[in-house]
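What follows is a short report on a single structure.
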Amino acid sequence: MTGAESFSQDAVEGVLPVRETMRKIFVLVVVTLIARAHAAAPRDPEVIHLTVAVNEAGAKIDRHIFGQFAEHLGRGIYEGIWVGPGSTIPNTRGIRNDVVAALKALHVPDVRWPGGCFADEYHWRKGIGPAGKRPATLNPNWGGVIEPNTFGTHEFLDFVQQIGAEPYLSVNVGSGTPQEAAEWLEYLTADKPSALAQERAVNGHSEPYKIPFLGIGNESWGCGGTMSAEFYLSQLKIYSHFARNYAGAGAMQRIAVGPGDADTSYTETIMKAWQSQVWSWNIEGLSLHSYTVGKWPPSYKATGFDEADYATLLNETLHMETLIRTNAAIMDRYDPQKKVSLAVDEWGSWLAPTPGTNPGFLEQQNSQRDALIAALNLNIFARHADRVRMANIAQMINVLQAMILTDRDKMILTPTYYVFRMYVPFQDATFLPVTLAAGSYVHGEISVPRVDAIAARAVNGRLWLALTNLDPTRAAPVEVSAAGVKQATGETLSSAGIDSVNTFDAPTTVAPQPIAVKSSGGGQIVLKLAPHSVTVVALE
Ligand code: AHR
């Protein structure tokens, strides 16, 4: 029985004193008025309501999902990183200072090197020793150009040390031998005076290097040797045993070649074997490669594209979710404790090459659409942080979805660079679930979420929210509810067009702008997300 019903019954029977009856009438009137007021002012249907479950901490978002990839490909290493000690471009031991400074701001956790397809044709000995004495070799995968080998093992390890990152080396399984890989690891990590360790000292590094990540081959189902999953597995067992890390057991994660796009045969075969793995071999990670490409050969334009292309590529990017789910489900069957991580160590947009450049160099401009592609992928990795503990965007400089483009002594930062910079607080943060009902952005047959968001509690306790508005024409007002939050401060990356880019003549066309929003008093804040934008804010 409701209060109103009990009141009428009591009054008719004349049981209550008049004062009590008047009090009940008053309460009833007030309740009715409040209810009417609510009915008269419905919540703005345009506003998207977003809630952060601040007390439902998920997995740690490993900082290594913000890793980079630098292959000997086109102008990625030579010109992009290495200009040589004699260059007029300011450098430290041959490594350009402007690039190092820009990368330091990204807190790059690790860099994968030397490839890619290049890794399975790389012979490390050709890249050590006095600079003038190193042989010129060929780079058949990428334009058939001369590989001068002036940037080799020591130069790479100097580079990662300069930017504050960790090395992720890929050993040559395709055209190399287990002995070659084993000797490289001994050369790098032995602390006893073996001949190889002494050679390392002669070459300028008496201390052993730390190699926390080792890739065992690259795309062995493709450019790495067209191996069946079973054949690769037998190679993996040999390499994972003999490519020893002398810095101590457990200090180096070995990452096996895994799936490329939808084919799960490597995942199934390797994880099944891993389940009953014996002491003489092991892995700590399984790689996954998947690009946003549209179609092969890559021909989607990097600039000057229309909304149909924009929608197609964002939609394809979101398929990363399915790929991870599918492979994670297989891994869960054999590894329910999630000991083996899924390392998405090649991802990003792969578009038509910049007109006038060597098509083998995979150079492409980087637009605001790429910024969204980066944010969407990072959000997916964060949502799967329990299994995806490493990812490497392809590639760092001048190649594919790059952070940085260089032209002789000039350097520009791309929209993708800014997304990585804005996401720094998410490194090693604790994932927090977000709920929002933003509806869809629809173009033709394509329908994708209108807004995508992730939240996390940073290492220092701060609460962070990242939001991507996929809709190219509609702004998205988002009302954020999170226990006690009164203001949001951070940056937003928006642009005039979906294909806006930075160029050497106009280097700051796309750059983040600060935003600060305060609660209007009701404990909620409303962020207005510009069309096709990425926003990262701290909530306080
Ligand atoms: O990133 C370019 C190439 O893409 C890599 O070398 C290879 O692994 C992949 O197919």
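Here is how the numbers come out for the structure above:
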read-out: Built amide H within the under 5 Å cut-off of SER481, gap 5+; value: LEU50, THR51, VAL52
read-out: Accessible area of LYS410 in the full protein assembly, 1.4 Å probe (Å², nearest 10); value: 100 Å²
read-out: Three-way shape call for the range 358-397 based on the alpha-carbon gyration tensor, with the a/c threshold at 1.5; value: oblate
read-out: Cα-only Debye scattering, the chain: base-10 log of I(q)/I(0) at q = 0.08, 0.09, 0.11 Å⁻¹; value: -0.55, -0.68, -0.97
read-out: Inter-part distance where the range 117-195 and the range 327-374 are each reduced to a Cα centre, Å; value: 23 Å
read-out: Trypsin sites (Lys or Arg not before Pro) within the range 192-259: DSSP coil, no more than 16 neighbouring Cβ in 10 Å; value: LYS210, ARG244
read-out: Chymotrypsin sites (Phe, Trp or Tyr not before Pro), loop per DSSP, at most 14 other Cβ atoms within 10 Å - longest free stretch of the chain; value: 1-278
read-out: Cα long-axis angle, helix 178-189 against the chain (0 to 90 degrees, to the nearest 10); value: 70 degrees
read-out: Members of LYS210/LYS237; LYS338/LYS528; LYS104/LYS210; LYS272/LYS301; LYS301/LYS410; LYS192/LYS338 lying beyond 30 Å, as alpha-carbon distances in this model show; value: LYS338/LYS528; LYS272/LYS301; LYS192/LYS338
read-out: Accessible area in the full protein assembly, largest first, 1.4 Å probe, for ASP335, ASP428; value: ASP428, ASP335
read-out: The chain, helix-only ellipticity at 222 nm - DSSP H runs n ≥ 4, -39,500 (n - 2.57), divided by all residues, nearest 500; value: -8500 deg cm²/dmol
read-out: Residue-normalised accessible area of the range 414-508, expressed per residue, 1.4 Å probe, Å²; value: 37 Å²
read-out: Low-density loop cleavage sites - trypsin sites (Lys or Arg not before Pro) in the range 263-362, where at most 15 other Cβ are within 10 Å (DSSP); value: LYS295, LYS338, LYS339
read-out: Per residue value of the accessible surface for the range 187-280 (all protein chains in place, 1.4 Å probe), Å²; value: 47 Å²
read-out: Accessible surface of the range 46-199 [probe 1.4 Å, protein heavy atoms]: carbon and sulfur percent; value: 55 percent
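The values are calculated or read from the model by the stated rules, or taken from the named source; none is laboratory data. Here the structure is a predicted model, which is why all the values come from computation and not from measurement. We place every Cβ from the backbone using ideal geometry, glycine too, and count neighbours over all the protein chains shown. Heads up: the accessible areas ignore ligands, DNA and RNA and are worked out on the full protein's heavy atoms, side chains in. Shrake-Rupley method; radii C 1.70, N 1.55, O 1.52, S 1.80 Å.
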